[in-house]
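Take a look at the structure set out below.
Taken together, the values in this text are just the output of simple stated rules run on the coordinates, not laboratory data. All of these numbers come straight from a predicted model, not from anything done at the bench. Note: ideal-geometry Cβ built from the backbone for every residue, glycine included; neighbour counts use all protein chains shown.
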Amino acid sequence: MTASFSMFATLKDKIAAREARVVTVGLGYVGLPLALTINESGYPVTGFDLNEARVAAINAGERVISYFPERRIADALAGGRFAATADRKALAAADIILICVPTPLSAVREPDLSYVVRAAETVAAELRPGQLIVLESTVWPGATATVVKPILEGGGLRAGTDFFLGFSPEREDPGNAKFDTKSIPKIVGADDAQSRDLLDRFYSNVVTRTVPVSSLATAEAVKLAENSFRTVNIALVNEMKVAMEAMGVDVWEVVQAAATKPFGYMPFYPGPGIGGDCIPVSPVYLSWRARDLGSATPIIDLARLTNDDAPDLIAGRVAVELAKDGGVAVKGARILILGIAYKKNVEDTRESPALAILNRLEEMGAACDYHDPYFPQMPVTRDHPNLAGRQSVVLSEETLAQYDAVVLTTDHTNVDYALVGLGARLILDTRNVFGGNGVALGRGRLVKI
Ligand SMILES: NC(=O)c1ccc[n+]([C@@H]2O[C@H](COP(=O)([O-])OP(=O)(O)OC[C@H]3O[C@@H](n4cnc5c(N)ncnc54)[C@H](O)[C@@H]3O)[C@@H](O)[C@H]2O)c1
């Protein structure tokens, strides 16, 4: 069964004329850049978010995401075809609705689709014939068809007949200066040809390249394949770090040299563990669904375990290095954690290994402070609510001199590493910031861990 030709033709024409009204559901790290990129491509866009404070900040032209150009949001607002709202009635006026809400892990570390379900229920309440609904959030293969579609069809309209339904996984890499929403190719998948065609036409007008795939489930699986690949390779390089260190070899030098091979190798770098909303989460969606179907993903599971253990290993290593050369015991040691974001140049602590390391060191009896230019104050996090409210210490030679060790957990660009190199007694570098980049070291000792 296909949708009526006139419904299809109407939306196709609106997409071509850049008159299709777009609503993004969710204005986070994914939804907001997407909304702005679509608007910058000529479409009228309304961003819908339940968080009224965020909506107000966006409508006031605040930058909201630190790596955005200063005036990006203000310019979009000034154009008169972009606004944010917390009023779900905006959905009824839309021609295209893109769902970009979180898909975290539950407390028992299983897929949590509750945000997607709620967003789908909101869309369903306003659904009208001829709309194109697209899920962008990371989900397990089959979720759009078996979880989202039945909710949308609850009012009697049918996907592929009365409205169009697609999946296009977000591939946003916050803070990446080389690739942005527009230049990252977009996977577009649907279970019927008309939905896929509309999806493809729409995104082709927004991003530089689209990659149509044969079904919703295939598009969902692409995202999980990409992130599982990263998970496994990060675990592999962290494992190699430990093994090569025992051989007296610097794994960072090895990876940089290996990366000169023009084929068959891709560099992954060691670190304090994995964080963010994607890499620690997506492989769980894949392995959970595989188990559900009687299949297994032992390599992914082992990689996850390895990555989950990384912060504990780093904390243990900190204790060993502190105690070396008649040093100090970790119990009672004063330690500065340098960077609490899960990666450089973003204000995001979701699943951040730095927080796990800090917590672990305090469990071992150390007294920890932190410095992070993106977090003057420690935010409330689900896994470490006990840390909320702490203040980032100001970096100076005097403050650095008070710590037995500085653990470099996040390699933000806007940190004065020369000062850290001069003032710190012991630097434990998990990111290779001090490795061969010419930063002078004062009286301290540097250990890459
Ligand atoms: N952050 C990344 O780097 C990244 C990259 C690729 C893919 N993804 C995926 O994209 C999806 C969104 O992630 P994010 O990082 O943008 O999340 P986020 O937490 O930054 O933002 C989500 C936003 O959605 C809003 N929201 C939640 N439920 C809502 C609802 N029912 N109606 C309206 N608004 C609602 C929240 O208030 C929040 O502002 C996830 O599935 C994630 O896995 C994230």
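Remark: for residue pairs 178/261; 149/186; 331/448; 261/344; 324/344; 178/448, the C-alpha separation exceeds 24 Å in 261/344; 324/344; 178/448.
Answer rounded, prolate or oblate for the chain, using the Cα gyration tensor with square roots of eigenvalues a ≥ b ≥ c: rounded when a/c is under 1.5, else prolate when a/b is larger than b/c, else oblate. Prolate shape, in that a/c is at least 1.5 and a/b is the bigger ratio.
Express in whole angstrom the spacing between the alpha-carbon centres of region 370-390 and region 26-56. For region 370-390 versus region 26-56, the Cα centre distance is 26 Å.
Net charge in the neighbourhood of residue 291 (other residues with Cβ under 14 Å of its Cβ; Lys, Arg +1, Asp, Glu -1) is 0.
Think of it as helices only: each DSSP H run of n ≥ 4 in the chain is worth -39500 (n - 2.57), and spread over all residues that comes to -11500 deg cm²/dmol at 222 nm. Over all other residues within a Cβ to Cβ distance under 14 Å of residue 15, the charged ones net out to +1, with Lys and Arg as +1 and Asp and Glu as -1. Under the membrane-span-like helix rule (DSSP H runs whose alpha carbons stretch at least 18 Å along the helix axis, mean Kyte-Doolittle hydropathy 0.0 or higher), the chain yields 114-126, 216-246, 298-323. Each part reduced to its alpha carbon centroid, region 65-101 and region 271-308 end up 33 Å apart.
Shape analysis of region 1-107 places it in the oblate category; the axes a ≥ b ≥ c from the Cα gyration tensor give an a/c of at least 1.5, with a/b not above b/c. Taking the Cα centre of region 5-217 as reference, the dipole from Cβ charges on Lys and Arg (+1) and Asp and Glu (-1) amounts to some 320 debye.
Packing, as the average of other Cβ atoms within 10 Å across residues, places the peptides 411-421, 116-126 in the order 116-126, 411-421, highest first. Packing, as the average of other Cβ atoms within 10 Å across residues, places the peptides 265-274, 251-260 in the order 265-274, 251-260, highest first.
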